[in-house]
């Protein structure tokens with residue numbers, strides 16, 4: 001089953017492994033841009049086979065309700081994604097929570113696409129997935145990303161030193177969270 005979310009200018013949707021070439025192109029085009037916000041690339045990362053397997057693995061996690069990977073597209077044109085949003089480590093039961101990560105291609109920075117896409121995706125997470133809490137962890141120097149979550153009503157909860165290994169270095173992250181307004 002495909003997830004599809006429409007916003008004013010964008011379409012967010014899940015993809016199948018048959019679309020791995022488009023994902024590979026997205027990462028190749030933005031390799032240098034993503035270097036400072038992602039873990040180091042695996043040796044085989046820049047191959048269609050790698051992304052086909054990764055997408056198959058993500059599909060299984062989505063079917064289990066543990067993950068949701070959305071790709072961002074312009075509403076009017078283009079088969080190439082301009083960004084992505086991941087809801088990961090979805091925990092049900094008493095917690096009803098997840099982590100969110102997002103990024104947009106270099107040429108689309110500064111157009112409000114991330115804010116628009118994330119707003120639509122969080123609305124889906126709260127209303128369709130019935131999550132209670134979404135947490136975002138951001139490197140403190142990523143001021144643009146911090147502005148996005150603040151605009152969307154996330155509250156800073158703290159700081160986690162040496163939280164994620166990004167580009168070969170352990171980086172501290174600022175923790176932000178948003179609670180489903182329906183639960184307040």
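Derivation of every value follows stated rules applied to the coordinates shown; laboratory data play no part. Note that this is a predicted model, so its numbers are computed, not measured. Cβ: placed from backbone, ideal geometry, glycine included. Neighbour counts: every protein chain shown.
Its DSSP H runs of at least 4 residues, each contributing -39,500 (n - 2.57), put the calculated 222 nm mean residue ellipticity of the chain at -9000 deg cm²/dmol, to the nearest 500.
Counting only DSSP beta bridges whose two residues both lie in the chain, roughly 90 percent are antiparallel. Going from the fewest other Cβ atoms within 10 Å to the most, the residues 173, 76 appear in the order 76, 173.
Which of rounded, prolate or oblate describes the range 1-73 when judged by the alpha-carbon gyration tensor and an a/c cut-off of 1.5? Oblate. When the Cα centres of the range 90-157 and the range 15-89 are compared, how far apart do they sit, in Å? Computed from Cα coordinates, the inter-centre distance equals 17 Å.
Extension gain for the segment residue 17 to residue 66, taken as residue separation times 0.36 nm less the Cα-Cα distance, is 15.8 nm to one decimal. Neighbour counting of Cβ atoms within 10 Å sorts the residues 95, 10, fewest neighbours leading, into 95, 10.
Quick one: plug the Kirkwood hydrodynamic radius of the range 23-176 (C-alpha pairs) into Stokes-Einstein at 37 °C, 0.692 mPa s, and report D in µm²/s. The diffusion coefficient I find is 200 µm²/s.
Shown for 5, 72, 155: other C-beta atoms within 10 Å of each C-beta, ranked fewest to most, produce the order 155, 5, 72. Using the alpha carbons alone, the radius of gyration of the range 110-184 stands to its Kirkwood radius in an Rg to Rh ratio of 1.00.
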